[in-house]
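To start, the structure itself, in structure tokens.
The values are calculated or read from the model by the stated rules, or taken from the named source; none is laboratory data. This structure is a prediction, so every number in the text was calculated from the model and none was measured. Cβ placement follows ideal geometry from the backbone for every residue including glycine, while neighbour counts extend to all protein chains displayed.
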Amino acid sequence: MDNQKIYRRTVVEQVMERFRDLISSGEYKTGEKFPKESILAERFGIGRSSIREAVKILHYIGVLDSSTGRGTFVCDWKNISAEVLSWTCLLGGKDYHELMDLRYVIEQRCISVLTREYIEKTGNALETVEKLETIVNELETAAGNQDKQVLMNEDFEFHNLIIQHNANPVFSMIYQMLRSFFLEVNKEMFVQYQQPHDIFQEHRTILDLIKSGDARRASDEIFFHTEDSKKRIDRILARGSE
Amino acid sequence: MKQEDIIRQRTVVTQVMEEMRNRISSGEYKPGEKIPTEAELSQMFGIGRSSIREAIKIFNYLGVLKSETGMGTRVCESANITTKALSWALIAGARTPEDLLELRDVIERQSLLLLTRTFKENPSGEEIIILELQNIIQDFRKALEADSKKDIIETDYRFHYAIIRGSGNEVFIRIWEALRFFLLDEIEKVETLFPSEDIISEHQQILDAVMSGDEQAVIDVHSGHINDIMKKLLSIQS
């Protein structure tokens with residue numbers, strides 16, 4: 001396949017993979033002390049300098065913390081800096097689109113779940129939909145006042161509520177990370193936000209579709225919104241390189 | 001090296017990285033273009049070459065810069081740093097099997113739909129992934145004949161991994177790789193307690209749906225597969 005790159009993996013990359021397994025298998029958990037360089041070097045049969053490099057990289061990303069001088073500790077995911085995430089916008093590339101697709105599949109699932117539960121009147125779907133109504137009303141008011149700050153906040157709240165309703169902490173985590181990332185990007189690129197009235201209208205439409213039980217069309221709306229955002233960003237990136 | 005020196009040097013490297021970032025952000029160093037040499041950067045920033053070298057190595061790993069012997073160092077045209085950070089976040093958090101299974105579900109379903117669409121529009125273009133999936137189904141046969149549980153588990157993992165690779169979405173692929181441990185564990189648990197006689201037809205069904213071009217069928221077959229796994233996982237826990 002053309003997009004499968006063939007390259008010799010560097011030693012450091014291989015070390016990173018081993019580190020990944022150590023942490024993901026639960027052998028070393030958040031808050032716990034990571035083994036000393038010398039121990040890891042012996043365990044992997046690799047020079048200490050490669051271990052040290054890998055630790056430095058993970059320290060920069062925010063996965064490990066070796067700044068206290070008392071050893072190296074495994075951090076919580078929240079430590080992963082938004083700055084690190086925002087690199088993508090500086091370099092363009094399809095990474096940006098792919099992150100938006102990730103956000104989309106998560107939102108799509110959460111909307112389906114909420115819609116189904118609302119129609120079946122299970123969980124606290126009724127409560128969630130009531131809260132969404134309140135938010136949409138806020139959006140309408142803010143659109144009328146051309147209040148961009150409120151619009152941005154309520155827009156986020158709308159989507160966040162739908163994600164939280166599904167109660168999957170993994171989804172919430174990814175969504176939060178992506179949010180920090182997209183906020184950084186918008187800052188860096190001075191992204192023109194949509195027209196205030198369109199923002200309100202879009203969310204009004206989505207909520208109406210949820211209440212009508214049409215999960216399919218509700219997630220189609222999100223899909224179109226995502227594709228529109230991609231095009232807007234592409235235009236800005238293209239202009240930037242002229 | 002003394003502990004204090006190590007900390008100080010690390011801070012210097014961070015400073016170098018920040019400075020590089022500013023220059024890329026301002027457009028002074030553009031994607032695709034070469035950056036100054038180590039020696040030049042060392043002089044410009046007034047910082048030792050070893051710190052410059054460290055920073056460049058880290059950026060190489062993160063996919064921000066690319067150094068090639070004899071060709072200097074360029075700014076990359078796209079970076080996979082975000083996806084790396086994302087997959088590390090996934091690893092560093094506490095999560096239940098059901099939550100991770102739901103993540104696998106949405107990513108896999110999207111990958112299947114993408115594969116279905118592109119195969120429909122351009123059958124010969126996607127042939128490689130489809131052929132790979134067909135080969136993997138043959139591997140199931142061999143694993144069953146050899147009665148090797150280990151091979152069955154590995155083949156199952158490879159089948160689904162191939163689907164994700166077929167999406168072409170690097171973020172999906174990285175997340176999948178971050179979930180590797182969980183996935184292997186899940187497959188092993190389910191296969192051990194509920195050995196599947198139909199493992200071949202289960203996976204053949206998925207492939208058939210993709211090749212039929214019927215997106216709803218793909219969704220239905222895939223949901224069935226995932227719900228089955230979810231039921232089994234939950235029953236194991238209780």
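Observations on the structure shown:
- Test: residue in region B:30-38 that is within 9 Å of chain A (Cβ to nearest Cβ) and modelled with pLDDT under 70: no
- Residues (over 28 Å from B:Ile236 (Cβ atoms) and either among the polar types (S, T, N, Q) or buried (at least 18 other Cβ atoms within 10 Å of the Cβ) (or both)) located in region B:175-210: B:Val210
- Residues that are buried (at least 23 other Cβ atoms within 10 Å of the Cβ) and either under 15 Å from A:His225 (Cβ atoms) or at the interface with chain B (Cβ under 10 Å from one of its Cβ atoms) (or both) within region A:110-123 comprise A:Cys110, A:Ile111, listed in sequence order.
- Failed criterion for B:Asp214 (all others in (1) charged (D, E, K, R); (2) farther than 20 Å from B:Glu102 by Cβ; (3) buried (at least 17 other Cβ atoms within 10 Å of the Cβ) hold): (3)
- With respect to being more than 27 Å from A:Met100 (Cα to Cα) and assigned to a helix (DSSP H, G or I), B:Asp185 fits the description.
- With respect to the conditions (1) closer than 24 Å to B:Met211 by Cα; (2) surrounded by 14 or more Cβ atoms within 10 Å (Cβ to Cβ); (3) of a type in the set (Asp, Glu), B:Asp151 lacks only one, and its number is (1).
Each row is one residue, and each column tells you yes or no for (1) touching a strand residue (DSSP E or B) at 6+ places or on another chain (Cβ under 7 Å); (2) modelled with pLDDT of 70 or more; (3) at the interface with another protein chain (Cβ under 7 Å from one of its Cβ atoms).
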| position | (1), (2), (3) |
| --- | --- |
| B:Leu65 | yes, yes, no |
| B:Thr73 | yes, yes, no |
| B:Ile81 | no, no, yes |
| B:Ser87 | no, yes, no |
| B:Glu98 | no, yes, no |
| B:Leu103 | no, yes, yes |
| B:Val106 | no, yes, yes |
| B:Arg109 | no, yes, no |
| B:Leu114 | no, yes, no |
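- Residue in region A:156-171 that is nearest to A:Leu183 (Cα to Cα), counting only those that are surrounded by fewer than 20 Cβ atoms within 10 Å (Cβ to Cβ) and without any contact (Cβ under 8 Å) to a residue 12 or more places away in the chain: A:Gln164
- Some residue of region B:147-168 being of a type in the set (Phe, Trp, Tyr) and in contact (Cβ under 8 Å) with a residue 60 or more places away in the chain: no
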